[in-house]
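Chemist: Handing you this structure, nothing more for now.
The values are calculated or read from the model by the stated rules, or taken from the named source; none is laboratory data. Bear in mind the structure is a predicted one, so any value in this text is a computation, not a measurement. No Cβ is skipped: glycine too gets one built from the backbone with ideal geometry, and neighbour counts run over all protein chains shown. We work out accessible area using only protein heavy atoms, side chains counted, and drop any ligands, DNA or RNA first. Shrake-Rupley method; radii C 1.70, N 1.55, O 1.52, S 1.80 Å.
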Amino acid sequence: MRWLTFDLDGTLAHWPFRHLMRPHMEPLLAQPTIRAALREEYLNRLAQGDPTRVYDWGDIHRAVQEKLGLPPIFPNLFEVLAEARFENEMLYPDVLTGLAAFRSQGYRIAVATNGLARYQQVLVDKLAIPYDRMLAPDISQALKPDPAFWNPVRSEPVDTIVHIGDLLSQDIWGANGAGLVAVWIWRTMPQDWRATPVHERTRRPDLDAVIEARVQRELEEHGFVGRVRPQAPPQPDYIVADLHELRAVLR
């Protein structure tokens, strides 16, 4: 059995949950008190480490509403998800053909997201992403980069697990810790990197500086999603710009 586990946001799709919520949340986020309270609640949950609460945005909204004594101003997430309609551009253009090719080669596909399955599964199904299993905090009881996130597939007889994701601080650190093949998909890869043959990219002398800078930016935006930060920098086994290059790597 061979598994390919794919991160969702920034890897298969262009942040669909954020896209759906933007028109509902932008007027609220424009209010400094609400914005600060949401950020504080998120960081507190991150520090507490309960994987099922960190990205439970419905419960985060409820907690902030109660804390600030607000009327019901936050959107009902399940109603927003139920009414969701997506443009074709939400999925990256290489995704459907790429996943179909991998499945035809005998790979099983898992969508591996730090968003809760009860939210994300609706989006994945509406985007018509073909998959065999979902990995999420409310399924694995862990968040990437915790190696336990992949336990539902690691606990089975398996030949290979390859994880593909765009965040070094979650996807690649997590895959390293779990002993998986780690593929960093860098969809905004500069042209000079694209010109470097895919099997030579991890040997580029400027890779360490690129990784250091990107990890710093990711930690500033997302915080560290875990209890113990790894000592070593994340180390991808391969770096690809898209699923077409991933197909070449897997061949």
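Chemist: Show me the helices (runs of 4 or more DSSP H) found entirely inside the stretch 142-194 where at least 2 residues are farther than 24 Å from residue 210 by Cβ.
Modeler: Where helices (runs of 4 or more DSSP H) fall fully within the stretch 142-194 and carry at least 2 residues being farther than 24 Å from residue 210 by Cβ, they are 151-154.
Chemist: Go through the stretch 45-61 and give me each residue that's modelled with pLDDT under 95 and surrounded by fewer than 16 Cβ atoms within 10 Å (Cβ to Cβ).
Modeler: Once the filter is applied, which keeps residues that are modelled with pLDDT under 95 and surrounded by fewer than 16 Cβ atoms within 10 Å (Cβ to Cβ), the stretch 45-61 yields 47, 48, 49, 50.
Chemist: Here's something else I'd like to know. Restricting the first residue to the stretch 171-183 and requiring it to be more than 8 Å from residue 145 (Cα to Cα), which pairs with a second residue that is hydroxyl-bearing (Ser, Thr, Tyr) and open to solvent by 50 Å² or more (accessible area, probe 1.4 Å) meet a Cβ separation below 6 Å and a spacing of at least six or different chains?
Modeler: Within 6 Å, the pairs are 183/238.
Chemist: Please go through the stretch 151-197 and give me each residue that is open to solvent by less than 10 Å² (accessible area, probe 1.4 Å) and either at pLDDT below 95 or among the hydroxyl-bearing types (Ser, Thr, Tyr) (or both), ordered by number.
Modeler: Once the filter is applied, which keeps residues that are open to solvent by less than 10 Å² (accessible area, probe 1.4 Å) and either at pLDDT below 95 or among the hydroxyl-bearing types (Ser, Thr, Tyr) (or both), the stretch 151-197 yields only 169.
Chemist: Of the conditions (1) closer than 30 Å to residue 28 by Cα; (2) modelled with pLDDT of 95 or more; (3) in a loop (DSSP other than H, G, I, E, B), residue 138 clears all except one; give me its number.
Modeler: For residue 138, the failing item is (3).
Chemist: So for the stretch 99-112 (the condition being in contact with a Ser or Thr (Cβ under 6 Å, 6 or more places away or on another chain), closer than 18 Å to residue 22 by Cα and in contact (Cβ under 8 Å) with a residue 60 or more places away in the chain), does at least one residue qualify?
Modeler: no
Chemist: Next up: For the stretch 15-46, name all the residues that are out of contact with any strand residue (DSSP E or B) (no Cβ under 8 Å at 6 or more places or on another chain) and under 21 Å from residue 89 (Cα atoms).
Modeler: Residues satisfying the conditions are 19, 20, 21, 22, 23, 24.
Chemist: Next question. Quickly run through the stretch 212-251 and pick out the residues that are without any contact (Cβ under 8 Å) to a residue 60 or more places away in the chain, in a helix (DSSP H, G or I) and open to solvent by 20 Å² or more (accessible area, probe 1.4 Å).
Modeler: Within the stretch 212-251, 212, 213, 214, 216, 217, 219, 220, 221, 222, 245, 248 qualify.
Chemist: Can you tell me which residue in the stretch 117-150 is nearest to residue 58 (Cα to Cα), limited to those that are open to solvent by less than 50 Å² (accessible area, probe 1.4 Å) and among the charged types (D, E, K, R)?
Modeler: Among those residues, the one meeting the criterion is 138.
Chemist: Which condition from (1) out of contact with any helix residue (DSSP H, G or I) (no Cβ under 6 Å at 6 or more places or on another chain); (2) more than 25 Å from residue 20 (Cβ to Cβ) is the one that residue 164 breaks?
Modeler: (2)
Chemist: Hey, can you tell me all the residues within the stretch 63-85 that are aromatic (Phe, Trp, Tyr) and surrounded by fewer than 16 Cβ atoms within 10 Å (Cβ to Cβ)?
Modeler: 78
Chemist: Could you check, for the stretch 90-101, whether at least one of its residues is part of a loop (DSSP other than H, G, I, E, B), within 17 Å of residue 50 (Cβ to Cβ) and open to solvent by less than 30 Å² (accessible area, probe 1.4 Å)?
Modeler: no
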